[in-house]
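The values are calculated or read from the model by the stated rules, or taken from the named source; none is laboratory data. Remember, it's a predicted structure, so these values are computed and weren't measured experimentally. Positions of Cβ are generated from backbone atoms using ideal geometry, with glycine treated the same way; all protein chains shown enter the neighbour counts.
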Amino acid sequence: MKLRELAHGRTGDKGNTLNVSVICFDAKHYAHLRAQLTPERVKAHLADVVKGDVVRYELPLLHAFNFVLRDALGGGVTRSLALDAHGKSMSSALLDIEIDAVSSPTPI
């Protein structure tokens, strides 16, 4: 299944660093996404763009994650020749990652 079925995203930038937040639609999916969305997996999924480290910050009270993607904007907004120099489409790109389906509870 696609991540976008369980969460939505927001993106921000500062220089050559990009922030991508992933926010669960339902709190019950937070633990599942915590196991699925490792920094290594996010970096691999966005490898064509992200050249630096990926750091994950967990926000359990908000049922969200903030990923800081370094060296991800081609040198920064004022230096990049990329069509999306701000990286606003990266949240959409990340939401396209395949994750394991959420298992349904076994009926009693």
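Here are some notes:
- Residues that are within 12 Å of D71 (Cα to Cα) and acidic (D, E) are absent from segment 24-45 altogether.
- Criterion (at pLDDT below 95 and crowded, with 18+ Cβ neighbours inside 10 Å) met by exactly one of L46, L83, L6, L37: L46
- Residue match in segment 101-108 (condition: closer than 19 Å to E5 by Cα, modelled with pLDDT under 95 and surrounded by 13 or more Cβ atoms within 10 Å (Cβ to Cβ)): yes
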